[in-house]
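Reviewing the structure listed below.
The values are calculated or read from the model by the stated rules, or taken from the named source; none is laboratory data. Everything numeric here is computed off the predicted structure, so don't read it as measured data. We place every Cβ from the backbone using ideal geometry, glycine too, and count neighbours over all the protein chains shown. Ligands, DNA and RNA are stripped out before the accessible areas are found, and what is left, the full protein with its side chains, is counted by its heavy atoms. Shrake-Rupley method; radii C 1.70, N 1.55, O 1.52, S 1.80 Å.
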Amino acid sequence: MSYLRAVLKNDTALEISHLKKIISLGKQLNINTSKYENELLKLTKKQQDKKTLPEIKPKKQEPKPQITSIESSKYTIEKVYTKDNMIIIDFYHQVSKNHINYEIEKTKYANYYLFNLKGSFKDAEPTKLELTNINRIYVLQKQTNLLQIKVKNKNSLKPIYIINNKRIIIKFPTIQNTTNNIVNKTTTTTSKTTSKNVPKDIALSINKYKKKIVVIDAGHGGKDAGAVGPGDKYEKTVVLSIGKYLYNILKQKGYEVYITRNNDRFIKVRNRTVLANNKNADIFLSIHANSVPKSKAHTIHGIETFFLSPARSERAKRVAAKENQSDIRTMSDATQESFLMVLNQSKITASNKLAIDVQQNMLYSLQKKYKDVVDGGVREGPFWVLVGAQMPSILIEVGYISHPKESKRLYNRYYQELLAKGIANGIDSYFLKNP
Ligand SMILES: [Zn+2]
């Protein structure tokens, strides 16, 4: 158990002590332990390097958008009102993210959520707003062209705002009961998704108050080609290309994005999540392509999204076995079992939600042009690449490279871009619902 926690927490000291135990046990049993000794040597070195490194710098504050005061006698804000746990601000003109600036002030007694809006509102003083579960809302004309909405609350709130045309909506997602850690089984069971109920590009109008951090992992690379399809089509090539498209789309949408590799090089499975943990990522996505033996190559195709959990189905176990084989430390079945036992249940639930949003949006994006793309559903499985990630994480199998038609599509740049757009929309959708 201690070893599991060590890896999950990225605790080198604990890993070292565990490795030492394995080595001494191996020697007693006359087993070759050179592999573990090498690992131990590396970890010891890593630990020494770490000690000489300076303290991790605090995260850089994003520059706050400046709200300039423009002298204007005209009122630019038509209405400010509340509805269904939202504050709605209607402008006389189109608004952009430059019209709002959000900050939090925390004091010993209460939290103040300040929304600074570029604009002037005639009825600022007499306006009184009320929302359930929120202590107080003030609307103040601070300057000629600066309206402030100040929300005071004892409990922590996680507001999001949406900018749409001439309107800004400030939403307060229902305060969750954090004491309830028992997750209803039905929320984590795998589900077949349909692409019918996906909202249309809602993502475009969303602005997040804090940049979300996404780490993309392009699977395999270098000496590890991953699955190989007909005509020497490599999984490592397909997933790198899709990963790069996704990287650019997410950057454009305003996310802070990192990718584990942007060229054809080998990375150990266990090092892939290190980047995500170091960057304190909000989500981690590993991109892969699936394959089946030749006898089934013509019949099996489609997209699947996996999230990490103790695998239940044989199919999930098979896929996991394939994706895991490239580079992992050998683990006994008992170790694997206990590894999965320590998984955080709330992380599993969040990963499941993310998987559903991504799967739905990928299909929605592709099926506009390619009607016959098959929905392989959202599934769970014991993927080691996801084990080390401290944040919600998923593994996407973008299709079967073993299938003649699908492998051709997977090499098609337009198809790759549609896939990436779908994934990006899925991410938007996930953060909208889980800010
Ligand atoms: Zn793979």
**OP:** Kindly indicate which of N116, N181 is open to solvent by less than 40 Å² (accessible area, probe 1.4 Å) and either modelled with pLDDT of 85 or more or not small (G, A, S) (or both).
**Re:** N116
**OP:** Take the stretch 375-406 and flag every residue that is aliphatic (A, V, I, L, M) and at pLDDT 95 or above.
**Re:** I396, V398, I401
**OP:** Would you check if R272 is open to solvent by less than 20 Å² (accessible area, probe 1.4 Å), part of a loop (DSSP other than H, G, I, E, B) and within 14 Å of the ligand (Cβ to nearest atom)?
**Re:** no
Subject >> Where V198 falls short, out of the listed (1) modelled with pLDDT of 90 or more; (2) away from the ligand (no atom under 12 Å from the Cβ); (3) surrounded by 19 or more Cβ atoms within 10 Å (Cβ to Cβ); (4) under 25 Å from N361 (Cα atoms) >> reply: (1)
Original post:
If a residue has to be over 28 Å from the mean Cα position of the chain (by Cα) and assigned to a loop (DSSP other than H, G, I, E, B) to count, how many in the stretch 96-127 make the cut?
Top reply: 12
